[in-house]
Amino acid sequence: MNDPQATTETNPAIVRCCDALARAYQDVFACPEPNETDKDRETRARDAAIEGFRKAMPPLCGPDNIRNFIACVAYGMLFEVFADAESRHLLYAAQVANSARGRSDTLKPAA
């Protein structure tokens with residue numbers, strides 16, 4: 001996994017995701033498991049970092065969050081946080097959320 005440089009981004013959602021990724025990665029190295037090899041620790045750190053990035057992503061509600069979610073997915077794709085197939089699923093989820101949001105804006109309450 002490449003090392004994302006959140007300092008080059010101006011989107012706070014991307015910075016939050018990258019900060020969560022870095023913290024999770026560093027936490028694994030701060031608390032090594034007994035008898036853990038360097039390779040095993042690296043794998044565990046990468047998995048924790050990816051999970052941290054995912055958990056920090058904005059929820060798919062509201063136009064700003066949907067745009068920020070898409071930005072985080074795109075950034076994650078660049079730095080191999082998400083596999084190609086997973087990226088497509090996430091972007092499709094954002095598309096559906098955006099479509100649902102657009103439809104709810106046009107619906108009128110029942111009389």
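Every number in this text was worked out from the coordinates using simple rules, so none of it is lab data. As the structure is a computational prediction, the values presented were derived from the model and not from experiment. Ideal geometry is used to build each Cβ from the backbone, glycine not excepted, and the neighbour counts take in all protein chains shown.
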The stretch 43-68 scanned against label point 7 Å out from A93 along Cα→C-beta; backbone N under 12 Å for 54-61
Label model pair E36, E51: point-to-point distance (7 angstrom along the Cα→beta-carbon line) in nm is 1.1 nm
